[in-house]
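First the structure, in the form of structure tokens, and then the observations on it.
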Amino acid sequence: MTVIVTAEFTPNEGAYDQVVAALAPAIAEVHEEPGCLLYAIHESPTGQIMMIEKWESAELLDAHGAGDAVKRLNASLEGLLAKPVDVTRLVPIPAGTSHQGAL
């Protein structure tokens, strides 16, 4: 079953562009990882950056979390965030058709 992840990044005052610059290289890199179906960043109206991820399985997501791309990403974000990244794992609840009820 697929797993959806949201990760909320809160940049320090004046560090928004630096956080985007740190996140951007990971997009293409992580899309090459086994099980990655979506890895994208979006701007929130409150000034935070939301990462939305979709993985084929929790096991492949766990492997990603322990991988080098995440280590590099964490290192590049050091000192740029006002608070720790808020990560939430979501599991689809089937509703409607297979296209209507899940990302």
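Counting other Cβ atoms within 10 Å as a rough exposure proxy, the listed residues Ser98, Ser76, Ser57 run Ser98, Ser57, Ser76 from fewest neighbours to most. Relative to the current alpha-carbon distance between Ala66 and Ala95, full extension at 0.36 nm per residue lengthens the span by 7.2 nm.
If the chain between Val85 and Leu37 were fully stretched, how many nm would it gain, using 0.36 nm times the residue separation less the Cα-Cα distance? Display every interim value, and only then the final one.
Values: separation 48, 0.36 × 48 = 17.28 nm, distance 2.11 nm.
My answer for the length gained is 15.2 nm.
What full-extension length gain, to one decimal in nm, is calculated for Glu78 and Glu59 as 0.36 nm per residue of separation minus the Cα-Cα distance? Mind dumping the intermediate values first?
Numbers: separation 19, 0.36 × 19 = 6.84 nm, distance 2.67 nm.
So the extension gain works out to 4.2 nm.
The long axis of helix 68-77 is offset from the longest Cα principal axis of the chain by roughly 40 degrees.
Taking 37 °C and 0.692 mPa s as the conditions, I'd like the Stokes-Einstein D for segment 24-77 in µm²/s, using the Kirkwood hydrodynamic radius from alpha carbon pairs. Please report the intermediate quantities before stating the final value.
Working: Rh = 11.7 Å.
Here the translational diffusion coefficient equals 280 µm²/s.
When the Cα convex hull of the chain is projected onto planes of every orientation, the mean area is 6.8 nm². Of the GluC sites (Glu not before Pro) in segment 41-103, the ones in a loop by DSSP (not H, G, I, E or B) with at most 15 other beta carbons within 10 Å are Glu56, Glu78.
The numbers here are math on the coordinates, done by the rules we state, and not lab data. In this text, all values refer to a predicted model and were calculated from it rather than measured experimentally. All Cβ positions, even for glycine, are placed from backbone atoms using ideal geometry, and neighbour counts span all protein chains on display.
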